[in-house]
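The values are calculated or read from the model by the stated rules, or taken from the named source; none is laboratory data. All figures in this text were calculated on a predicted structure; none of them were measured in a lab. Neighbour counts are summed over all protein chains in view; Cβ atoms, including those assigned to glycine, are modelled from backbone coordinates with ideal geometry. Only protein heavy atoms, including side chains, enter the accessible area calculation; ligands, DNA and RNA are left aside. Shrake-Rupley method; radii C 1.70, N 1.55, O 1.52, S 1.80 Å.
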Amino acid sequence: MTEQEAVRPLDVPPEVAQRAVEWLVELQSGEAGAHTRAAWQQWRDAHPDHERAWRHIETLNARWRSLASPLASATAHAALAPAGSPQRRQTVKTLAVVLFAGGAAWLGEQHAPWRAWTADESSAVGQRRRLQLADGTAVTLNTASAVSIDYSAEARRLQLAAGEIFVATGQRGNAAQRARPFLVETAHGVLRALGTRFNVRLLETGCRVAVFEGAVEVSVAGASPLVLPAGQALEFSRRGIGSPQPANDSENAWTDGMLIASGMRLQDFAAELARYRRGVLSCDPAIAELRISGSYPLDDTDRVLQTVSAALPVKVQYFTRYWAMLRPVS
């Protein structure tokens, strides 16, 4: 049993758990002065549950002493966010659930949110970023994506924590450097590039890889590795490796800032476009099966919605600036 698994839930009110985490973040933000520390001590003394909650956090801090631990990383991430910001509030809420509701073992899971929060490189919603790595490899991050980079003497590793990347492996350096395996690790399996250009996207329950040049070896625990050649794509998860299918040539159109649809269901189109805009974009079930084709610029999603409403019998209803819905024309 790991240290994480040995931690038991603590029965305190949710608001107490959340306030304890808020104090933890505030004290580690570097802005806590004497007044803040006095208020923190007063809070601890105000009720036995407050003291129990704080001692619980101290116990976890003692178990994960390393600055590289998930708990320390997640707390630091929250502390760096502006006070009162949605980012800090969401992090605090998640930490409160994990630390007090019996989810501490989740700290070690591959899909834990702080693997994305603490990644080496990330992109914002609607942003695309291109990275040039030491060996000449080019990595392009799609919207809301996060990746960590680990180049060692044994291997060149990318850890995809969120979103989607397009990789064009490089061959810079000496023969020994070029001979190191190039791996993309995900929560569902590992991809080994065999001199290639390929796209990797995390899905809700798995991962999709599409190869455009060379080949990629797909490995999942409990299954035989599969070499996927250029022009092929497949989905894989912890349950196994799916069957290869022809890759869609438009799968990497996002690297050029475009969304290409060819007879796509309107509901699927809306879900894809929603990845590139903040807030919520949904589609009324009454028009979900309408089909749409064309090339659409991802840098102006409002303009895309206007184009869709002009081409199809649909309208865009805005509830707020960040909440829109495609609805049938009445």
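Points to keep in mind about this one:
- Which numbered condition residue 212 misses (of (1) within 24 Å of the chain's Cα centre (by Cα); (2) modelled with pLDDT under 95): (2)
- Single residue of region 19-56 satisfying the filter (surrounded by 15 or more Cβ atoms within 10 Å (Cβ to Cβ) and of a type in the set (Gly, Ala, Ser)) that is farthest from residue 92 (Cα to Cα): 32
- Positions within region 186-231 being over 22 Å from residue 148 (Cα atoms), open to solvent by 10 Å² or more (accessible area, probe 1.4 Å) and part of a strand (DSSP E or B), in sequence order: 212, 213, 214, 215, 226, 227, 229
- Unmet criterion (only one of (1) within 30 Å of residue 277 (Cα to Cα); (2) free of Cβ contacts under 8 Å to residues at least 60 places away in the same chain; (3) in contact with a strand residue (DSSP E or B) (Cβ under 7 Å, 6 or more places away or on another chain)) for residue 156: (1)
- Enumeration of residues in region 122-136 that are more than 16 Å from residue 201 (Cβ to Cβ) and among the β-branched types (Val, Ile, Thr): none
- Scanning region 136-165 for residues that are of a type in the set (Lys, Arg) and surrounded by fewer than 20 Cβ atoms within 10 Å (Cβ to Cβ) turns up just one, 157.
- Pairs with Cβ under 8 Å, 6+ apart, first in region 222-245 and hydroxyl-bearing (Ser, Thr, Tyr), second surrounded by 15 or more Cβ atoms within 10 Å (Cβ to Cβ): 237/188; 237/189; 237/206; 237/207; 237/220; 243/234
- Residue 180 among the basic types (Lys, Arg) and modelled with pLDDT of 95 or more: no
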